[in-house]
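The values are calculated or read from the model by the stated rules, or taken from the named source; none is laboratory data. Just so it is clear, the structure is predicted and the values come from calculations on it, not from any experiment. Cβ coordinates were reconstructed from backbone atoms using ideal geometry, including for glycine residues, and neighbour counts include every protein chain displayed.
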Amino acid sequence: MASELTVQTIKGPTSGGNANKILVPSGHTLYAPGHVIQVAFGEYHTASSAAFNNATFAPMTTAQATITPKFSSSKILVHCNGTASGVGTSFEYSWHLKRGSSWIGGNSAGKSGNTHASGGTGTGTTTGNENVATLSFHYLDSPATTNATTYILGFQGGETATYYINRGTTSAWAGNYNFYNTGGCTITLMEIAQ
């Protein structure tokens, strides 16, 4: 039978190297439902371009991060941020989330990928339209595992065209993307105890 200790207040020592700290020994994990157990982060800041066919679902891999849950009952709160652009009088693109080898998330109306964030409606010419946009989304996942799990942020162009990630589209922007566009693509994973 597990022992149970009932106390009103726990305090750390008032002096010394660990003053006012309550330590959890190495190799142990504090289990308190609702709190963040650990955080993992990944980023992708390379200025890239990718050609898409609107009849094919084949997202480009951008930011990715791996987390090893402490408990199989934990949920993983995923925060994603992606920056992209396209050219033309109209264009569409979307961001998708992959866990391991499976695309996850809400219903996507029969498509082979689940759209988490989408955008893009151009208003310029095919050579002068920038339309750089940063989109964000969050997803609460239940991987039900204590194995190392990789999450990937995927970018998909919605039309048969070339799209740009982490940069603008014209030559004026292409050489100066570090100045004009600092959004980048990032993914943050937070294990939440249940």
Condition broken by Lys111, with the remaining ones in (1) among the basic types (Lys, Arg); (2) modelled with pLDDT under 60; (3) in a strand (DSSP E or B) satisfied: (3)
Strands (runs of 3 or more DSSP E) enclosed by segment 141-194 - at least 2 residues per element that are at pLDDT below 85: 161-165
Criterion violated by Thr14 - all others in (1) surrounded by 13 or more Cβ atoms within 10 Å (Cβ to Cβ); (2) assigned to a loop (DSSP other than H, G, I, E, B) satisfied: (1)
Residues within segment 17-51 that are more than 21 Å from Pro69 (Cα to Cα) and in contact with a strand residue (DSSP E or B) (Cβ under 9 Å, 6 or more places away or on another chain), tallied: 8
Residue identified as within 17 Å of Leu135 (Cα to Cα) and either at pLDDT 85 or above or among the charged types (D, E, K, R) (or both) among Ala58, Ala63, Ala51: Ala63
Filter result for Asn129 (modelled with pLDDT under 60, outside any strand (DSSP E or B) and closer than 22 Å to Ala50 by Cα): yes
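Working carefully through the options Pro25, Pro33, find the one that is farther than 30 Å from Thr160 by Cβ and free of Cβ contacts under 8 Å to residues at least 60 places away in the same chain.
Pro25
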Residue list for segment 44-70, filter: surrounded by 16 or more Cβ atoms within 10 Å (Cβ to Cβ), part of a strand (DSSP E or B) and under 16 Å from the mean Cα position of the chain (by Cα): Tyr44, Met60, Thr62, Ala63, Gln64, Ala65, Ile67
